[in-house]
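Inspection log for the structure reproduced underneath, given as structure tokens.
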Amino acid sequence: MRNLIFIFLSIVMFGCNDQKSTTSNAADVNKQDTTTADLPPGNIQEERDAVQTEKEQPRIAAVLDGRYHKIENGKATADCNCNCIEINFDAPTEWCIDKDKLYITARTQKTGDNTADVFFVSANREIKPDRKMPWDDFDTNTPVANLTFTPDGGVELDWLGFAVDGEVATDYALYGKKTLEGTYKKE
């Protein structure tokens with residue numbers, strides 16, 4: 001008799017568990033069948049807007065990447081020998097510091113919606129320099145220049161100079177200032 005009661009109770013318990021899982025599965029299926037009319041419209045629209053914004057909005061940096069020609073006498077220069085800058089937020093580029101003499105590798109980093117900083121990475125080419133440059137002493141995490149992007153698609157470059165221990169190296173401050181400082185127009 002005991003065995004019979006045990007078997008009966010076991011069947012009832014397992015049957016209830018199966019019924020619970022069937023009921024919960026049916027509830028899950030019913031949840032999946034819910035139409036958008038049953039959900040609050042504000043939430044759906046916000047989610048759609050968020051997804052569309054992510055897909056449609058271009059990277060700001062990608063829009064600003066490119067070659068810029070220096071403006072002299074109201075016109076963009078035709079040649080790029082020390083009259084152009086290359087802005088790339090993903091990789092360092094070559095910058096002319098002193099025409100036909102000094103070139104550096106620099107990286108550009110966004111600092112705001114329309115601003116960026118330029119950082120010295122390394123000496124790239126040194127051809128008959130006027131004086132020996134202490135490249136190894138220059139900071140690589142202190143900006144050498146500030147960029148301000150203008151609504152017309154140009155950029156203003158303010159040369160700060162090379163720094164040593166966070167302070168401008170005054171002996172080398174003019175390198176880059178005459179050559180780079182000014183207004184540029186995107187190619």
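Give me D for segment 56-167 in µm² s⁻¹, whole number, from Stokes-Einstein with Rh from the Kirkwood sum over alpha-carbon pairs, 37 °C and 0.692 mPa s.
Taking Rh from Cα pairs, D becomes 220 µm²/s.
So if I restrict to the alpha-carbon atoms in segment 113-187, what is the Rg, and what is Dmax, the biggest pairwise distance, in Å?
Expressed in Å, the Cα Rg and Dmax of segment 113-187 come to 13.4, 40.
Sum up the lysine pairs in segment 66-182 that clear both bars: alpha-carbon distance under 23 Å and a spacing of 8 or more or different chains.
21
Coordinate-derived values only; no laboratory data. Treat the numbers as computed from the prediction; the structure is a model and nothing was measured.
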